[in-house]
Amino acid sequence: MNTKTTVAIVGLGKIGEVIATNLAKGNQPVILASRDLEKATSLATKIGSLATAKPIAEAIREADVIIPALYFNLLQEFFKTYAQELAGKIIVDVSNPIAPDGNGGFKKIIGERESSGQILSQLIPKSAKLVKAFGTLGAGSLASAAFNQPERKVLFYASDNTNSHQLIEELITSSGFEPFHIGGIDQSIRIEVFGDLHEFGRLGRTVTREEVKAALAHA
Ligand SMILES: NC(=O)c1ccc[n+]([C@@H]2O[C@H](COP(=O)([O-])OP(=O)(O)OC[C@H]3O[C@@H](n4cnc5c(N)ncnc54)[C@H](OP(=O)(O)O)[C@@H]3O)[C@@H](O)[C@H]2O)c1
């Protein structure tokens with residue numbers, strides 16, 4: 001990974017912590033940011049010397065790539081609050097537009113044919129670029145399937161911005177996975193919960209590149 005590239009993870013809940021931990025395991029320095037700086041500092045201590053804790057605005061200013069590991073319905077406000085800091089940056093959207101359905105399951109909170117990737121790509125600050133990634137597996141599988149031997153499992157990503165592809169692919173590789181570009185942001189719906197390529201969708205499991213090719217060949 002190009003050491004000059006800096007990554008900030010904002011929101012250190014279940015998925016934020018796993019993404020940070022995997023990246024550090026792959027020797028990628030990470031900036032951790034939370035509403036509670038102490039929480040970020042203690043996670044940085046737990047992860048090790050490659051993790052640094054910073055206030056949210058400072059973390060975003062310093063980073064090239066920002067991963068806001070927040071709920072879908074908080075992201076519009078987040079983009080507004082940090083519009084200046086986020087301008088020109090690469091924003092990685094991990095969100096799944098879902099909420100508990102009251103029967104122990106989950107329901108989609110946007111239109112059937114809509115995706116959070118497409119909606120958010122219209123809401124990001126000017127000159128920022130959105131990439132849909134790191135939300136295609138549950139936090140448990142993202143942790144347990146990282147650095148899989150002998151063959152890495154894939155992490156799908158969707159992006160229209162070819163300039164950011166190499167960087168995102170390096171991030172996914174540093175996280176212990178094999179990057180797999182499935183197309184533009186209009187393909188986000190396939191890699192969000194209930195999508196045919198999501199762990200909590202038709203695919204239903206982690207897969208290798210060969211298995212993806214087979215799955216896509218039969219789709
Ligand atoms: N959990 C999964 O398996 C999984 C898998 C794929 C994608 N995702 C997606 O990842 C995102 C986060 O999910 P999660 O499971 O990690 O949730 P979580 O464990 O509840 O963490 C969410 C984090 O968001 C921050 N947050 C919560 N309320 C906030 C508020 N009002 N304002 C600002 N920040 C707030 C908090 O971080 P701080 O306290 O550090 O500020 C909290 O730790 C969601 O969009 C979800 O769809 C989750």
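The residues listed here are I191, I185; of these, the one that is within 13 Å of the chain's Cα centre (by Cα) and in contact (Cβ under 8 Å) with a residue 24 or more places away in the chain is I191. Whenever a residue of the range 128-150 is near the ligand (Cβ under 10 Å from one of its atoms), its partners that are in a loop (DSSP other than H, G, I, E, B) and open to solvent by 50 Å² or more (accessible area, probe 1.4 Å), lying with C-beta atoms within less than 9 angstrom and at least six residues away or across chains, give the pairs L137/F200; G138/F200; S141/R205. When restricted to residues that are without any contact (Cβ under 8 Å) to a residue 60 or more places away in the chain, aliphatic (A, V, I, L, M) and surrounded by 15 or more Cβ atoms within 10 Å (Cβ to Cβ), the range 67-108 contains 3.
Filtering the range 51-66 to residues that are within 14 Å of the ligand (Cβ to nearest atom) and either open to solvent by 20 Å² or more (accessible area, probe 1.4 Å) or within 14 Å of E85 (Cβ to Cβ) (or both) leaves A53, K54, P55, I56, A57, A59, I60, I66. Each residue in the range 5-50 was checked for being more than 11 Å from the ligand (Cβ to nearest atom), touching a residue at least 60 places away in the same chain (Cβ under 8 Å) and of a type in the set (D, E, K, R), and 1 of them qualify.
The values are calculated or read from the model by the stated rules, or taken from the named source; none is laboratory data. Since this is a predicted model, take the numbers as computed values, not measurements. All Cβ positions, glycine included, derive from the backbone under ideal geometry; neighbour counts span all protein chains shown. SASA here: full protein model, heavy atoms, side chains in, ligands and nucleic acids out. Shrake-Rupley method; radii C 1.70, N 1.55, O 1.52, S 1.80 Å.
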